[in-house]
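The values are calculated or read from the model by the stated rules, or taken from the named source; none is laboratory data. No experiment lies behind these values; they were computed from the predicted model shown. For neighbour counting, all protein chains shown are included, and Cβ atoms are generated from backbone atoms with ideal geometry for every residue, glycine included. Accessible surface is based on the protein model in full, side chains and every heavy atom, while ligands, DNA and RNA are left aside. Shrake-Rupley method; radii C 1.70, N 1.55, O 1.52, S 1.80 Å.
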Number of protein chains: 2
Amino acid sequence: MNYEIVIIGGNPAGGTAAIAAKKIHEDKSVLVIRKEAESLIPCGIPYTFGTLNNIEDNIKSIEPAKKMGVDFLIDEVISIKSDEKLLTLKNSEDITYEKLIIATGSQPFIPPIEGNDLEGVVAIRKDLEYIKSINPILRSGQNIVVVGAGFIGVEMSDELSKICDNVSLIESMDSILPLAFDKDMITPALEVLLKHGVDVRTNTMVDKIIGENGKVSGVKLKTGEVIKADRIILSIGYRPNISLAKKCGLEIGIYGGIVTDEYLRTSIDDIYAVGDCVEHRDFFTRKQSKLMLASTGASEARIAGMNLYDLRVIRQTKGSIAIFSTTLNEISLGAAGLTEKQAKAEGFRFIIGRNTGVDHHPALLPNTSPQIIKLIFSKGAGVLLGAQIIGGSTTGEMINILGLAIQKNMTAPELAIMQYGTQPMLTAGPGNYPIVLAAMSAVQQMGN
Amino acid sequence: MNYEIVIIGGNPAGGTAAIAAKKIHEDKSVLVIRKEAESLIPCGIPYTFGTLNNIEDNIKSIEPAKKMGVDFLIDEVISIKSDEKLLTLKNSEDITYEKLIIATGSQPFIPPIEGNDLEGVVAIRKDLEYIKSINPILRSGQNIVVVGAGFIGVEMSDELSKICDNVSLIESMDSILPLAFDKDMITPALEVLLKHGVDVRTNTMVDKIIGENGKVSGVKLKTGEVIKADRIILSIGYRPNISLAKKCGLEIGIYGGIVTDEYLRTSIDDIYAVGDCVEHRDFFTRKQSKLMLASTGASEARIAGMNLYDLRVIRQTKGSIAIFSTTLNEISLGAAGLTEKQAKAEGFRFIIGRNTGVDHHPALLPNTSPQIIKLIFSKGAGVLLGAQIIGGSTTGEMINILGLAIQKNMTAPELAIMQYGTQPMLTAGPGNYPIVLAAMSAVQQMGN
C-alpha cells in the first residue's frame, strides 16, 4: 500500500496530527496506523472509575477523522525502513510513505522495587482493554494505596475515594502535585482530599510492596511502617514509547524521548515525531524536559501536520509550556509555566504577585468559589514566568489566559492594565479581576 | 481640606482608580467623593430582581479601600475650579487637589417618546435608593415590556421572567444583543429566552407609551399593534454624566464623553477622566466609540491611577476592546472585539473561523454544554478582529483569552498552534480545543 502521509499512533497527538495534515493538505492521502480499534480519551481515564457510568463513555470516536478522509488501519508497525520510506507491519502488507509522523505515546514507569509484580499492583496504562481489566479489580478493593501524587495519582485517589473504603496517597516530595504547584498554594487542595477521606502522606518513600501467596498485602515505607493494601496503583510518571524509533536510528534525548527541531522534524528526513514520545524543551530555559501532556502533544501535532510539505504556520514559541488543570469538585486547580521553586532552581530572580478573591460578583451569588492566584514574574524585565490558580470551575480556562500571556512574554505592567470582560455569574468583578490584581501587586514591588 | 489625589465618583472606575493610585503612590493622600454612602455593583443590578435574595447582597463594600488608606467623603461636587485646583461641594468646605480623577459615570438614556414619564415606566439607574424604589414596582407587575435588547435588557428580561407572568422584550434591530453578536451566533440564546417565556420581538420599533390616569397601560408599536403593559423598562443605552466636566471647560467628544489621551489625561492639566464618562476609542479603528463597560472603566482607572505622577505603566494598546459576557443559566455568551457585521461596515476584508463542540471531554461527563465559537480574522495578515462564543459557565473566562489575543494582535496561524491546558471536567479535549480549531479553520482558508 502507498500513502502520502502516515501517522503511527492514534491517540491525542496522532489523531490531531492526522486531522491537521488532512485539513491543510486535502489532496494527500492520510493513514493512521494504531493497535486499537477503539481508544480512550487518556485524560478521562480517572473518571471511568467513578464519575462516568461506563468505560465506553470515554471512548474517542474516530468517525470525524474518517469523514474528513483520514484512513485507519488497526495493526502494529514492526519496523520503519527510512531509506526506502517503508513500514513493515505485523498483519498487513508493507506501506510506503512520503511523510511519516511518529506518535507512539508513553507508558507508565514501573519503579524497580520489590513486589512490583504482585497481583493487585497496577499502573494506569492508556489502552482500553487494560483499563477494562483493572476497573473491576480496583472497584473491588478495600484498601488502595496510590503511589505518586502527580495529576493521575491525585485524580485517581479522589475518584476512588468515592467508591472504596480506604485510599492512601503517598508522595516522596513535600506536597501533592509538586511539579505544578508551590506548597504554599496547594494547601486548599490537600484539605479537600483529606475531607474526601484520602489519607495523604507527603515526604514519604516506599521501600517495597509486600505480599502473600503472590497477592499484594501492603506497602512497606522507608520508615518501616506498613500500610495494609489489597490494591496498589503506581502513578509515578510515564516514559516515552521509542522502541520503533530507536530501531530505525532516530536520535534519542537524555530523558529517552525522540529529539526533534521546532517543527517536530526528527534526525531523519521526512520523519516527524509528536506527543509523549518526543523530548520537549522548556519554553524559558530550552532545557530538555519530561513534560507529557495531551494538550502539548496536540499542539505539536498541529505544528507538524500543517507544516509537513512547507513551513506555512510559523512557530513563534521556542519551547513547551506546562499548562495543567484539574478539579476535586469543590475546588479546581490550574498551573502554567514555572513554579516559584522551579524559577529559583533555574536561577531566575523573581517577584511574586498574589491575590485572593472570589469568582463571582457579588460573592453572595450561587456557586461562588474562592479564587486564589499567584503569579511569578522575572525581576527587572517583569516577564511572566508562571501562574497558579486555586478556584472554581472556570480555573481551567483562566489558566489558559495565563498560558497565553506566557507565550506572548507579557509583563506585570501589561497584565495590570489588560482589558477583560466581567459578568456577575461568570467572573470576578471589574475592580477585583484577580489576574490584574495579582499583576498589580507585582508592579507595586517593581515600583521605585 | 487638602488632598493630593481626589476622585469624583466611587463606582467601579472611581473606586478602582482610588485603589490603584494609593497602591502605587502610598505616600499620597487619596480621597473619593461620592454621593452615596453605599453603592451597588452595577453589573449585579439585574440579579437583584431574581437570583439575589436582597438588594443589599449586591452592595460593594468600601472597607478594603478604607483599610488601604483611601478616605471617603459622601457629598456632591458643585464645581471644579481648575485654575486654583479646587473643588466646591454641596455640604462640605472646599477641597484642593494636586491630581483630580473624574469618574462620574453614566445614566440611562430616556428616549423622547410620548408617555416616557408615565407611572410604571422605569430605566435602570445605578443608585441604590432608586433600585430599591423600583424593585417592588417591577416585582408587582403582571405585564412587563422591556425596550432594548442589549445586555441590560436581556438580563432584566430573563431575571424578571422568573417572577413575572408576562415579559416582552422589544428590539429595533434584527437580533438581540446586536452590538456584540452576529445574528448567526445568537440564535441559541434567543431560543433560551423564548423557552424562559420571554416574548422577544426583533425588528420592532416603539411608537409611544400609552397610559390611563397617568399610569402606563401599554406600548404602541410602529405597526399600530399595542402590547398591554403595566410596567415598562427602558434599556436603550446610557449617556455620560458630564455636567461638572462641561462647566469646568473640559473638551467633550462627539458622543458626549470627556476627551482624554492614552493615559486618560483630559484637556486640562492634572485632571483625568475614567470610565463611562469618557469617550473611548476603538482598538482597531481609533474611532470614537460609545462603549461603556465596568471592566473597561476599571482598566482605564488603573492606567490613570498608576500613572498620575509619572508614566510608569506604559499603555501598549491604543484603544478599547469591547469584551462582554452574560449568561441565561443554560447557556452563556461571550463576545470580544468586532462582530462580522461591524468588520464589514468598517471596511475590513476578513475570513471567519468556526467550531462547534462541547466544553468537557468526554461529552458524557456531567454539566457538559455545547460550545460554539466564531472568530473573525483580517484577510491577508490574519489578525484576530473579533470573537463570539456560545457555551457553558466557562464562557466568561474563555472570551478573556480571546480578548487578550486581540490585545496582542495574534493571528490565526498563531492561535492554531497555541499552547493550552485541558482537563475533562473543566475544558474541551486536547484535540478539540475550540479556539484552536476555529483558528485552524481560518488557516485552511488562508492556505493557498
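Here is how the numbers come out for the structure above:
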read-out: Of all accessible heavy-atom area on the range B:183-335, the percent that carbon and sulfur account for (1.4 Å); value: 48 percent
read-out: For the range B:331-446, size of Cβ-based charge dipole, Lys and Arg +1, Asp and Glu -1, in debye; value: 320 debye
read-out: Förster-model FRET efficiency, 25 Å R0, A:Lys246 and A:Asp310, C-beta, rounded to 0.05; value: 0.30
read-out: Surface accessible to a 1.4 Å probe, B:Ile170 within the full protein complex, Å²; value: 0 Å²
read-out: Candidate residues A:Glu340, B:Glu225, A:Glu191: accessible-area rank, largest first, probe 1.4 Å; value: A:Glu191, B:Glu225, A:Glu340
read-out: Chain pair A, B: total accessible area buried, heavy atoms, 1.4 Å probe, Å²; value: 7000 Å²
read-out: Averaged over B:78-87, number of beta-carbon atoms from partner chains that fall within 10 Å; value: 0
read-out: Pair A:Met173, B:Arg349: separation of 7 Å Cα→Cβ label points (nm); value: 5.1 nm
read-out: Nearest-20 debye value, the protein assembly as shown charge dipole, Cβ charges on Lys, Arg, Asp, Glu; value: 1060 debye
read-out: 24 Å Cα-Cα threshold exceeded, pairs from A:Lys290/A:Lys341; A:Lys183/A:Lys344; A:Lys35/A:Lys208; A:Lys195/B:Lys67; B:Lys341/B:Lys379; B:Lys287/B:Lys344; value: A:Lys35/A:Lys208; A:Lys195/B:Lys67
read-out: Distance-filtered residues of the range A:316-350 - backbone nitrogen under 17 Å, label point 7 angstrom along A:Thr285 Cα→Cβ; value: A:318-323, A:336-350
read-out: Packing rank of B:19-28, B:127-136, where each peptide gets the mean count of other beta carbons within 10 Å, highest leading; value: B:19-28, B:127-136
read-out: Heavy atoms of A:His196 accessible to a 1.4 Å probe, total area in Å² rounded to 10; value: 50 Å²
read-out: Positive-end residue of A:Ile314, A:Leu128, A:Ala189, charge dipole of the protein assembly as shown with Cβ unit charges; value: A:Ile314
read-out: Inter-copy separations for A:Pro366, label at 7 Å along Cα-Cβ, nm, ascending; value: 1.5
read-out: Long-range HN-HN contacts of A:Ile210 with modeled amide H, under 5 Å; value: A:Ser217, A:Gly218, A:Val219, A:Lys220
read-out: Average beta-carbon neighbours from other chains, 10 Å sphere, peptide B:29-41; value: 1
read-out: Dipole magnitude of the range B:121-236, debye to nearest 20 (Cβ charges: Lys/Arg +1, Asp/Glu -1, about Cα centre); value: 380 debye
read-out: Partner chain coverage, peptide A:299-306 - average Cβ within 10 angstrom; value: 4
read-out: Euclidean distance of C-alpha centroids, the range B:43-68 and the range B:73-141, integer Å; value: 18 Å
read-out: Whole-number D in µm² s⁻¹ for chain B, Kirkwood Cα-pair radius fed into Stokes-Einstein, 20 °C, 1.002 mPa s; value: 92 µm²/s
read-out: For the range B:121-236, fraction of C-alpha pairs farther apart than 23 Å, in %; value: 25 percent
read-out: Using θ = phi - 60° and Karplus 6.51 cos²θ - 1.76 cosθ + 1.60, couplings along the range A:320-326 (whole Hz; Gly, Pro as x); value: 9, 10, 6, 10, 10, 8, 7
read-out: For A:Arg125, solvent-accessible area (1.4 Å; no DNA, RNA or ligand), Å²; value: 100 Å²
read-out: Vicinal HN-Hα couplings computed from phi for the range B:119-129 (Karplus, 6.51 cos²θ - 1.76 cosθ + 1.60; Hz; Gly/Pro x); value: 5, x, 9, 10, 10, 8, 6, 9, 8, 3, 5
read-out: Near-label residues of the range A:286-308 by backbone N, under 12 Å of a point 7 Å along Cα→Cβ of A:Tyr255; value: A:286-293
read-out: Label spacing, shortest first and in nm, from A:Lys132 to its equivalents in the remaining copies (7 angstrom along Cα→Cβ); value: 6.7
read-out: Label distances, nm, A:Gln288 versus same residue in remaining copies, Cβ-directed 7 Å point; value: 6.3
read-out: Extension gain from A:Asn2 to A:Ile137, taking 0.36 nm per residue of separation minus the Cα-Cα distance; value: 44.3 nm
read-out: FRET efficiency, 1/(1 + (r/R0)^6) with R0 25 Å, evaluated for B:Glu56 and B:Glu114 via beta carbons; value: 0.10
read-out: Note, ³J(HN,Hα) from phi for the range A:398-409, Karplus 6.51, -1.76, 1.60, rounded to Hz, x at Gly and Pro; value: 5, 5, 6, 4, 6, x, 5, 4, 5, 4, 8, 6
